[in-house]
Amino acid sequence: MIRARIIGTGSYLPQHILSNVELAARVDTSDEWIVERTGIRQRHIAAEGEFTSDLATEAARKALESCGLTPDDIDLIVVATATPDQTFPACATVVQHKLGMIHGVAFDVAAVCSGFLYALQVADALITSGAYRTALVIGAETFSRILDWEDRGTCVLFGDGAGAVVLRAEAGTGTAVDRGILATRLHSDGRYNDLLYVDGGPGSTGTTGKLRMKGREVFRHAVTNLAAVMTETLGAAGLDPAEVAWVIPHQANLRILEGTAKKLGLPIERVVVTVDRHANTSAASVPLALDAAVRDGRVKANDLLLLEAMGGGFTWGAAAVRW
Ligand code: UT7
């Protein structure tokens, strides 16, 4: 059977770092509150004129470099984003152009913070069906542009960034010893649209709108949904939580990471944490964390990785990946 294996990773963070202390000078908050309630210490903010497609293109270039491929080798680009440069065209076609590609297929998926997991399942399905051979899957966001910088309940939580992986079709045995994507599971439930949303859009207000969130309610659902989908995904691959080398989670809140790890019986030491440095970068957070753990040598060949995310919609999902 065909497996889609992750053969390269890359990421990009804008140069400007905004600390909690700097934020506390702008809204009624404190470094202590943010660190205690979320684990966040700083976030990166895109420069004026620096767009989601720029972040995505940089991450893609680094992912290609890491596996010695060039844009010529890519036949599919899927970008997960809720903050495209424009309402249309898709951010993915802008990235395609910036990479100098005039071949292949490029499109976006919109599932907010779960977007990378959604994009990964789509690309995995398209590769294992034989439709495409080599894909760039990118999560990229400039959430700083959709934040209400006067709302302390949300503006302290998010940051900008991008992460990318290169997926390639490889022969596998169809068992859990294969390297590559072993199982993915996604869920969505639109009853919870009003707990995390943007109060504008091209088809309603004609404005971009700002992010609104009932954080406490989202938190409650996050731990339950994430633990359930992680268990479901491992089960689908015939694997046990004890076999997981690294959890690569969406980075919304350190307390969510601790709570879900505990539910699965995993020590927090097996969870890759970047929320302190990156804050919540929505669809970018999982590939950003993955790239960090690959580059610093924590992730080793044949390690079992469990990727997970939950976000607006609600949407949530997980992927079991043999490195
Ligand atoms: O990526 C998509 C998924 N998103 C998430 O998973 C986010 C999930 N939610 C969370 O991470 C947490 O709920 C938050 C970090 C958003 C909030 O933490 P919390 O412990 O649930 O706090 P809370 O909303 O219950 O607020 C507690 C208090 C409130 O004051 P009162 O009513 O107790 O007097 C807030 O007004 O903290 C206050 N507060 C703040 N204080 C200082 C809220 N934001 C701030 C702030 N600085 N930035």
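Observations on the structure shown:
- Within the stretch 38-50, the residues that satisfy the criterion of being part of a loop (DSSP other than H, G, I, E, B) and more than 9 Å from the ligand (Cβ to nearest atom) are GLY39, ARG41, ALA46, ALA47, GLU48, GLY49, GLU50.
- Filter result for the condition that a residue is part of a loop (DSSP other than H, G, I, E, B) and under 30 Å from ARG61 (Cα atoms), over ALA140, ALA131: ALA131
- Exclusive hit being β-branched (Val, Ile, Thr) and not in a helix (DSSP H, G or I), set VAL21, VAL95, VAL35, VAL78: VAL78
- Summed over the stretch 252-278, the residues that are of a type in the set (A, V, I, L, M, F, W, C) and either assigned by TED's automatic domain parsing to the domain that holds THR81 or within 25 Å of SER66 (Cα to Cα) (or both) give a count of 4.
- The requirement of being crowded, with 21+ Cβ neighbours inside 10 Å, without any contact (Cβ under 8 Å) to a residue 60 or more places away in the chain and within 17 Å of the chain's Cα centre (by Cα) is satisfied by VAL272.
- Search result, residues across the stretch 267-281 that are within 14 Å of the ligand (Cβ to nearest atom), assigned to a loop (DSSP other than H, G, I, E, B) and of a type in the set (Val, Ile, Thr): THR274, THR281
- Taking (1) surrounded by fewer than 21 Cβ atoms within 10 Å (Cβ to Cβ); (2) among the polar types (S, T, N, Q); (3) more than 16 Å from the ligand (Cβ to nearest atom) in turn, GLN96 satisfies each apart from (1).
- Qualifying residues in the stretch 1-49 (those that are touching a residue at least 40 places away in the same chain (Cβ under 8 Å) and among the charged types (D, E, K, R)) - the one surrounded by the fewest Cβ atoms within 10 Å (Cβ to Cβ): ASP28
- Restricting ALA252, ALA320 to those that are away from the ligand (no atom under 16 Å from the Cβ), touching a residue at least 60 places away in the same chain (Cβ under 8 Å), surrounded by 20 or more Cβ atoms within 10 Å (Cβ to Cβ) and not in a helix (DSSP H, G or I) reduces the list to ALA320.
- Exclusive hit being outside the structural domain of GLU65 (by TED's automatic domain parsing) and either over 15 Å from the mean Cα position of the chain (by Cα) or within 10 Å of the ligand (Cβ to nearest atom) (or both), set ALA284, ALA293, ALA222, ALA289: ALA222
- Unmet criterion (only one of (1) touching a Leu at 6+ places or on another chain (Cβ under 9 Å); (2) aliphatic (A, V, I, L, M); (3) under 20 Å from GLY139 (Cα atoms)) for ALA292: (1)
The values are calculated or read from the model by the stated rules, or taken from the named source; none is laboratory data. These figures come from a predicted structure and were not determined experimentally. Positions of Cβ are generated from backbone atoms using ideal geometry, with glycine treated the same way; all protein chains shown enter the neighbour counts.
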